[in-house]
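The values are calculated or read from the model by the stated rules, or taken from the named source; none is laboratory data. Since this is a predicted model, take the numbers as computed values, not measurements. Backbone-built Cβ (ideal geometry, glycine too); neighbour counts: all protein chains shown. These area figures cover heavy atoms from the full protein model, side chains too; ligands, DNA and RNA do not enter into them. Shrake-Rupley method; radii C 1.70, N 1.55, O 1.52, S 1.80 Å.
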Amino acid sequence: MKAQKLVRDLHRDFGYFYVGLIISFAFSGILMNHREHWHPEKYTIETKNINVQLPDENQITEAYAENLGKQMGINDKMRRHTEKKARLKFRLKSTM
């Protein structure tokens, strides 16, 4: 009986610990997703649609994305690029 109570208590304590982790990660995730709303002076979001003939998905590399950006006159540092459904998206960090 004592071992069963110990297992239940341990299970409850782990449950409380993991619920606390889930809540803290959820809260920090919301803060990170919406940080431009709390400090708008630090962020500028600009979206431009540009039509470009893209090669096959396997030929789009980081170097290709950087060269395409330079050809279009974008001098900012590239953070990442994604290509999905024949759409190429750049995420840039301004060098201002």
Roughly what percent of Cα-Cα pairs across region 30-84 reach past 15 Å?
61
Given springs between every Cα pair under 10 Å in a Gaussian network model of the chain, which of ASN49, ASN33, ASN75 has the largest fluctuation?
ASN49
With a 1.4 Å probe and all protein chains left in place, how much of the accessible area of the chain comes from carbon and sulfur atoms, in whole percent?
55
LYS84 paired with TYR16, simple spin-label distance in nm, labels 7 Å along Cα-to-beta-carbon:
4.0
Stretch ILE45-PHE27 to full length: gain in nm at 0.36 nm per residue minus the Cα-Cα span?
4.2 nm
Choice from THR82, THR47, THR61 showing the highest fluctuation, given a GNM over the chain with Cα pairs closer than 10 Å
THR47
Using only the heavy atoms of the protein chains and a 1.4 Å probe, how would MET1, MET78, MET72 rank by accessible area, largest first?
MET1, MET72, MET78
Find the all-direction average of the projected area of the Cα convex hull for the chain, expressing the result in square nanometres with one decimal place.
10.8
Among the aspartates and glutamates, select those whose C-alpha is under 12 Å from the C-alpha of LYS93, and discard any that sit fewer than 8 residues away in the same chain.
GLU46, ASP76
Cα-derived Rg to Rh of region 1-56, Kirkwood definition
1.45
Please calculate the 1.4 Å probe accessible area of TYR18, with all protein chains present, and give it to the nearest 10 Å².
120
Averaging sequence separations of C-alpha pairs under 8 Å and six or more residues apart, then dividing by the length of region 1-92, give the relative contact order as a whole percent.
14
Sorting ARG87, ARG8 by accessible area (1.4 Å probe), largest first, what list results?
ARG8, ARG87
